[in-house]
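Asker: Would you mind keeping the following structure in view while I ask a few things?
The values are calculated or read from the model by the stated rules, or taken from the named source; none is laboratory data. Given the structure is predicted, the values throughout are model-derived calculations rather than measurements. FYI the Cβ positions are ideal-geometry reconstructions off the backbone, even for glycines, and counts take in every protein chain you see. Please note that ligands, DNA and RNA were not included when accessible areas were found on the heavy atoms of the full protein model with its side chains. Shrake-Rupley method; radii C 1.70, N 1.55, O 1.52, S 1.80 Å.
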Amino acid sequence: WTAYTGPVAAPDANRQTVAFRAFDVAGNLETARTLTIPADLSGPLTGNIGPVATPTASYTASWNSVTALNDGADPSNPSQAQIWGTWSGNRPATQWVQYDWSRPVRLTGTELKFWRDSNRGTGDGVAEPDGWVLQYWDEAESAWHDVPGASAYGTSTTAFNTVTFEPVVTPRVRATVRANGNGTTYSAVAITEWRVFADDPGAAPELPVTVSAQARCVAGKAYVAVQARNDHDAPVDIALETAYGERSFVDVVAGANAYQSFATRSTSVAAGSATIRVSGSIDGDDVTTARTAEYPGVDCAG
C-alpha cells in the first residue's frame, strides 16, 4: 500500500485494477475497494491481445473463473481457479467463450489449451471436446460468421491448439466448443488459457464533435437544419453536407457551433441523413473526422 499523493498513472496501456482504502481521523481503516482502468486500444496492437479483452462465457462453474481465460498464466498443474470450466448437472452439447474489445481490431490467429479430468466417451466429468470453431462478429450484418480460411482445429489438453485464418476486423470473437459425449450425456469442457493474435495498425485519431440534424416546417416549407458543436480544445473547420446543399465554416472555436438550415424547396422531405466533416489538428497532425446525423421525414402540407 502506498500513500495517495495525486493522480495515479497506469504503468502501461493494458487493463489495470487499482485498489484503494482510507483511514478516518480516528484511525479506522475502511474495507478496500477497487477500480478498473480499461485498456487503451487506440494505438497499434500486435501479438496476443486476449489480456485486454473482456471475457464472457455461456456458463462458468462456481469454482472456476472466466477471467482465467486471459490471465496470461499457463501453469502445468492449474488450480480450479485458474481454469474456465462448465461442469454442472446440466451439460449441453455446446458451450462458448467470448472476447470483446472496445473497438474493432484486425485479428489473424488464435490458440487455446483445453483441460480434462475424465476420458472421452464417459459423458461425465470434464473431457477433451470433439471440436471447436472460432467465429467473429460482423457489425454490418449483426451476425456471427466462422473465421475464413481457418487451419485445423485441434483439441489437445497438453499443448496449445493453434489456428490461423484470413485476417478479420471485428470487436468480438467467440470459440464454440462441441462437447464429447457417450450418446446420452455430455462431458463438461474446460480451457486453461485462450490467446487471440492481432496485427492492427491502431485507431485513427478523431476530432470530438457533437452533431444533430432535424427536419422542420417553416411557413409551410420543409427545411433540414444541421448543427455541429466543436468539442475539441482548438479551432476546427466544419463542413455540413446534405442533399439540399452544403455550407462550410472556418476556424470554429472550441465549444462553438456551426449551424445551417437548408431549404428543400418542397412542402415535405423524406427521412435522410446529413454528413458533417470536421478538420483540425491533433498533436500536430492534420485530421479529418466524418460524422453522420440522421433526421426523420416531415410533411408540411397540412
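Asker: For 59, 4, give the ranking by accessible area with the largest first, probe 1.4 Å.
Answerer: Descending order: 4, 59.
Asker: Give me the percent of the accessible area of the chain that comes from carbon and sulfur atoms, probe 1.4 Å, all protein chains in place. Could you put the intermediate results ahead of the total?
Answerer: Working: 7790 of 16000 Å².
On the chain, the fraction of accessible area on carbon and sulfur atoms equals 49 percent.
Asker: Select from segment 219-302 those trypsin sites (Lys or Arg not before Pro) which occupy a DSSP coil region and have at most 15 other Cβ atoms within 10 Å, ordered by residue number.
Answerer: 265
Asker: How much accessible area per residue does the chain have, in Å², with a 1.4 Å probe?
Answerer: It amounts to 53 Å² per residue over the chain.
Asker: Mind listing which GluC sites (Glu not before Pro) in segment 89-162 are in a DSSP loop and have 14 or fewer other Cβ atoms within 10 Å?
Answerer: Answer by residue number: 139, 141.
Asker: Can you match Cα Rg over 2.2 N^0.38 Å to one of these, (1) 1.20; (2) 1.38; (3) 0.93, based on a calculation from the structure here?
Answerer: (2)
Asker: Keeping all protein chains in the complex and leaving out DNA, RNA and ligands, what accessible area do you get for residue 299 with a 1.4 Å probe, in Å² to the nearest 10?
Answerer: 110
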